[in-house]
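The values are calculated or read from the model by the stated rules, or taken from the named source; none is laboratory data. Here the structure is a predicted model, which means the values were calculated and not measured. With ideal geometry, Cβ positions are generated from the backbone for all residues, glycine too; neighbour counts draw on all protein chains shown.
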Amino acid sequence: MMRPRNMTAMSAGLGIVFASLAVFALAKTVAAPARPVEPAVLLDEISIDSNTGQRLYRGAVFTGAAERYGANGQRVRLEQFVHGRREGALRLWFMDGAIAYDATYRDGRREGLATSWWRNGQLRSRTMFVDDQPDGFAWSWYRTGERYKRYQYAAGQPVGLQQAWRRNGKLFSNFEYRNGRAYGLRNANMCVELADGELQLDRLDL
């Protein structure tokens with residue numbers, strides 16, 4: 001038996017409505033809005049409890065992210081805290097926005113790979129940390145990209161072969177730590193000159 005034309009059209013219309021509702025429900029499930037992220041506070045608003053060493057914000061132990069901005073409005077520092085202690089990322093940027101330093105903290109102590117860069121984007125250093133102490137190989141590079149130093153550490157103490165090169169690739173320091181003593185060619189001048197306003201990490205509160 002043939003359906004009336006208007007019944008067929010009604011069925012088709014209902015099918016479209018139900019399909020549209022199903023797609024809408026799926027879209028709501030897939031594209032559900034993310035949980036709002038608490039905005040970071042300014043580092044200058046963070047204080048330190050002189051007794052516990054915990055970071056405080058408006059008198060309360062702080063959990064969250066804190067930032068600092070340069071005179072040009074560029075973010076230059078980000079720190080994350082849990083219960084008043086560093087937990088998570090510590091990142092520094094040059095005033096032009098280029099990344100300068102990246103490390104991770106666990107319960108107030110550096111853990112894992114810490115990396116720094118020169119202003120021109122070249123790697124400056126890469127060091128592995130365990131419980132806030134260098135552990136394993138620590139590499140450094142010149143601003144122009146040539147390797148500079150390769151040191152080894154165990155629980156913060158130098159161990160094994162330690163080497164350093166000039167920009168031309170010539171080895172100028174080559175010594176080994178055994179039982180806490182150094183043997184071999186050790187050059188006393190092991191600093192990299194930081195010119196043109198380059199970031200000096202050793203002068204920052206890391």
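Points worth noting:
- Options ASP102, ASP44, ASP131, ASP135; residue that is on the phi > 0 side of the Ramachandran plot and of a type outside the set (A, V, I, L, M): ASP131
- Residue among VAL30, VAL37, VAL76 that alone is of a type in the set (Val, Ile, Thr) and at pLDDT 95 or above: VAL76
- Residue match in region 67-75 (condition: surrounded by 19 or more Cβ atoms within 10 Å (Cβ to Cβ) and touching a Lys or Arg at 6+ places or on another chain (Cβ under 9 Å)): no
- So ARG124, is it farther than 24 Å from ALA65 by Cβ, of a type outside the set (A, V, I, L, M) and assigned to a strand (DSSP E or B): yes
- Unmet requirement for ALA89, which otherwise passes all of (1) exposed (fewer than 14 other Cβ atoms within 10 Å of the Cβ); (2) over 14 Å from the mean Cα position of the chain (by Cα); (3) under 30 Å from THR144 (Cα atoms): (2)
- Failed item, numbered, when VAL130 is tested on (1) touching a residue at least 24 places away in the same chain (Cβ under 8 Å); (2) out of contact with any Lys or Arg (no Cβ under 6 Å at 6 or more places or on another chain); (3) among the hydrophobic types (A, V, I, L, M, F, W, C); (4) closer than 26 Å to ARG68 by Cβ: (4)
- Among the criteria (1) in contact with an Asp or Glu (Cβ under 9 Å, 6 or more places away or on another chain); (2) in a loop (DSSP other than H, G, I, E, B), the one GLY184 does not fulfil is (2).
- Members of region 98-144 that are surrounded by fewer than 19 Cβ atoms within 10 Å (Cβ to Cβ), within 17 Å of the chain's Cα centre (by Cα) and more than 20 Å from GLN157 (Cβ to Cβ): ALA98, ILE99, ASP102, THR104, ARG106, ASP107, GLY108, THR115, ARG119, GLY121, GLN122, LEU123
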